[in-house]
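Student: First the structure, then my questions, so here it is.
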Amino acid sequence: MIIPGLDEYTIRSYINKFALLIGIIIIIYAVLWMLAELKIIPMIFFAIFPQIVLLLIGIFIVYMALSRRNNF
């Protein structure tokens, strides 16, 4: 399937960046989980982290949509 304005290199670049982002989020979440279980950090930081990540992802998506809107 051909998407106008996207070549194979661009699609692979986006997939790689997305996979990297998901991997970093999983690593950070795992470290926070371990620190919360060891009682090094309060449990509230571990509990709030997914909401903060979702907020940042949402802001990133809106930013990318607004920045690409002027290109087309």
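Student: Give the ranking of V53, V62 by solvent-accessible surface, highest area first, calculated with a 1.4 Å probe.
Tutor: V62, V53
Student: Angle between the Cα long axis of helix 43-69 and the longest principal axis of the chain, 0 to 90 degrees, nearest 10?
Tutor: Tilt of helix 43-69: around 10 degrees.
Student: Taking the square root of 5 times each eigenvalue of the Cα gyration tensor, what semi-axes in Å does the equivalent ellipsoid of the chain have, largest first?
Tutor: 34, 15, 6
Student: Rounded to the nearest 0.05, what FRET efficiency do I26 and L66 give with R0 = 25 Å and r taken as the Cβ-Cβ distance? Could you check?
Tutor: Efficiency computed from Cβ-Cβ geometry: 0.35.
The values are calculated or read from the model by the stated rules, or taken from the named source; none is laboratory data. Model, not experiment: these values are computed from the prediction. Cβ sites come from the backbone with ideal geometry, for glycine too, and all protein chains shown count toward neighbours. These area figures cover heavy atoms from the full protein model, side chains too; ligands, DNA and RNA do not enter into them. Shrake-Rupley method; radii C 1.70, N 1.55, O 1.52, S 1.80 Å.
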